[in-house]
């Protein structure tokens, strides 16, 4: 199996130092962000591309365009700006997350958004990674819903699924779509006091033997079904972000996953 690392795994590290940590861990695939940390808002795309080239790093994605499925207001402009940045910095894809505030979004509006986003992506040679969010308040909870919208928008390869092990578990999904999956996000939850329905990003840590999300089972299922892409660490918990040695913690999680899979 192949690992990738999302910059949120070590958000206090400047980009060059983050890339160096990845290389020491034997990882060359990364995801950068426009929130925590805001690389897109703090570095030029040209400088990001140059640093990645200097260290032999492949930028899989910029994370994330939100809320992609409400194509109104400033979203079209933000989408174009993010796509321009992605293309210039050498990223391969944009992560696209749905509205997550308790309001519903009709299937037809999701398709409309995908239709509108498609030329922005294709003109720049980018893939859209559609990431269902499994929270009860999410407007697009399951991969099945996402696939239905992608199919209706014309399944020409512009869009791929983001399988997130946290959101897969929260949504109660049992189906895997390895041939439709472009990238997998992995994170664990150790807290035994929180109910599944109450799990939040703040609970997401690195995967270890106390994980409640069945990451190992999910990874095994994806690999057995033919998924060949990377598994990208995406922990949101403050306890991970505050680690004095994120490199050691990531190495320990990688070793555990490899030994368990």
Mind checking whether some residue in region 115-130 is farther than 23 Å from residue 89 by Cβ and under 20 Å from the mean Cα position of the chain (by Cα)? no
Answer yes if at least one residue in region 3-14 is crowded, with 20+ Cβ neighbours inside 10 Å, touching a residue at least 24 places away in the same chain (Cβ under 8 Å), touching a strand residue (DSSP E or B) at 6+ places or on another chain (Cβ under 6 Å) and in a loop (DSSP other than H, G, I, E, B), and no otherwise. no
Quick one: which residue in 227, 256 is at pLDDT 95 or above and touching a helix residue (DSSP H, G or I) at 6+ places or on another chain (Cβ under 7 Å)? 227
Enumerate the pairs (first residue in region 39-52 and free of Cβ contacts under 8 Å to residues at least 24 places away in the same chain and at positive phi; second residue anywhere and in a helix (DSSP H, G or I) and buried (at least 17 other Cβ atoms within 10 Å of the Cβ)) with beta-carbon separation below 9 Å, excluding pairs fewer than 6 apart on the same chain, so at least 6 apart or on different chains. none
Residue in region 176-191 that is free of Cβ contacts under 8 Å to residues at least 40 places away in the same chain, under 25 Å from residue 258 (Cβ atoms) and surrounded by fewer than 18 Cβ atoms within 10 Å (Cβ to Cβ) present: yes
State all residues of region 15-38 that are assigned to a helix (DSSP H, G or I) and without any contact (Cβ under 8 Å) to a residue 12 or more places away in the chain; if no residue qualifies, say none. 17
Restricting attention to region 74-88, does a residue exist that is in a loop (DSSP other than H, G, I, E, B), under 30 Å from residue 44 (Cβ atoms) and without any contact (Cβ under 8 Å) to a residue 12 or more places away in the chain? yes
Determine, yes or no, whether residue 259 is over 16 Å from the mean Cα position of the chain (by Cα) and either over 17 Å from residue 131 (Cα atoms) or in contact (Cβ under 8 Å) with a residue 60 or more places away in the chain (or both). yes
Of the numbered conditions (1) in a loop (DSSP other than H, G, I, E, B); (2) at pLDDT 95 or above, residue 155 fails exactly one; give the number of that condition. (2)
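Quick check on my filter: what residues within region 165-197 are in a strand (DSSP E or B) and either out of contact with any helix residue (DSSP H, G or I) (no Cβ under 9 Å at 6 or more places or on another chain) or more than 24 Å from residue 31 (Cβ to Cβ) (or both)?
Passing the criteria: 182, 183.
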Answer with yes or no whether residue 107 is within 26 Å of residue 74 (Cβ to Cβ) and over 20 Å from the mean Cα position of the chain (by Cα). yes
Among the residues listed as 84, 38, 74, the single one being under 22 Å from residue 11 (Cβ atoms) and either crowded, with 22+ Cβ neighbours inside 10 Å or at pLDDT 95 or above (or both): 38
Taking region 224-246, which residues are part of a helix (DSSP H, G or I) and surrounded by fewer than 19 Cβ atoms within 10 Å (Cβ to Cβ)? 224, 238, 239, 241
Residue 161 versus (1) touching a residue at least 60 places away in the same chain (Cβ under 8 Å); (2) assigned to a strand (DSSP E or B): which is the lone unmet condition? (1)
Would you check which residues across region 92-115 are in contact with a helix residue (DSSP H, G or I) (Cβ under 7 Å, 6 or more places away or on another chain) and either modelled with pLDDT under 95 or within 30 Å of residue 52 (Cα to Cα) (or both) and list them? 94, 114
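Please go through region 138-152 and give me each residue that is more than 20 Å from residue 225 (Cα to Cα) and either modelled with pLDDT under 95 or in a helix (DSSP H, G or I) (or both), ordered by number.
Scanning region 138-152 gives 145, 148, 149, 150, 151, 152.
The values are calculated or read from the model by the stated rules, or taken from the named source; none is laboratory data. None of these values were measured; they are calculated from a predicted model. Virtual Cβ from ideal backbone geometry, glycine too; neighbours counted across all protein chains shown.
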